[in-house]
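Novice: Shown below is the structure under consideration.
Computed from the coordinates by the stated procedures, all read-outs in this text should not be read as laboratory data. Worth saying up front: this structure is predicted, and the values here are computed from it rather than measured. Here Cβ is always computed from backbone atoms with ideal geometry, including for glycine, and neighbour counts include all displayed protein chains.
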Amino acid sequence: MKKIIVELFVISLIAVMAYYFLKPLFKGNSQKLSVRVEEPIVFLDKIHESEKYFIGKIDSLKRVNADLNQNIIKTRSSLTAVKVENASLRQSIDDLLSVHYTETDTSEIISNCDSLAVALVNFKAIDQLKDSLYDSMVIDLQSQVSIKDSMISLQKDECDTLRNNLTSIAYQHQQLLTENTQQREMIKKHRKGKRLLGGILAVITGVLVVVAIH
């Protein structure tokens with residue numbers, strides 16, 4: 001009886017030792033993969049912040065553009081008035097020149113010369129004003145072109161920022177899918193190893209029991 005007890009004890013000891021010896025061979029790598037994933041709310045905050053920034057910039061450019069439009073409208077109105085006055089002065093000068101070459105009275109000629117001189121001075125001033133208005137309009141139009149270029153650039157930057165955020169989300173999603181697949185494979189491997197280990201231990205135990213009985 002004592003012999004059987006000793007043999008059973010030895011069998012149990014061998015089984016336990018076999019379990020701890022074989023266990024590492026079938027144990028899967030349970031180390032958790034480290035994938036840093038930002039919360040969705042973080043991405044939403046980033047998108048909202050960038051959207052707010054770009055909207056503010058574009059609204060500011062639109063206000064400046066509206067002011068330039070008003071300046072251009074005023075300049076065009078002033079140019080129209082200047083053109084009318086310029087045409088009137090040109091006609092007056094032509095009339096005075098016609099009278100100057102046909103008049104024979106000295107006093108009339110002198111008076112006509114004075115009027116012609118005044119008209120020429122006014123014509124020169126109006127012509128300079130017209131040039132100044134044209135220059136002002138050109139500057140405003142160039143500024144408008146620059147603003148539109150800036151708006152296009154801002155919209156491109158906004159698209160790039162949104163694309164980068166979406167790319168980052170897609171990349172992290174792919175990382176999560178990869179990690180999930182790897183962890184599933186490790187779990188499967190671990191379960192198969194446990195089943196195989198249990199079978200091996202059962203066989204060893206059975207063999208030892210049979211040997212002990214005989």
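Novice: Which entries of 52/74; 46/148; 74/156; 52/148; 57/130 have Cα-Cα distances beyond 30 Å here?
Specialist: 52/74; 74/156; 57/130
Novice: For residue 117 and residue 145, what is the calculated FRET efficiency with R₀ set at 45 Å and r taken between the beta-carbons, to the nearest 0.05?
Specialist: 0.60
Novice: Same structure, new question: For the range 56-198, give the magnitude of the charge dipole about the Cα centre (Cβ charges: +1 Lys/Arg, -1 Asp/Glu; no others), in debye to the nearest 20.
Specialist: 2960 debye
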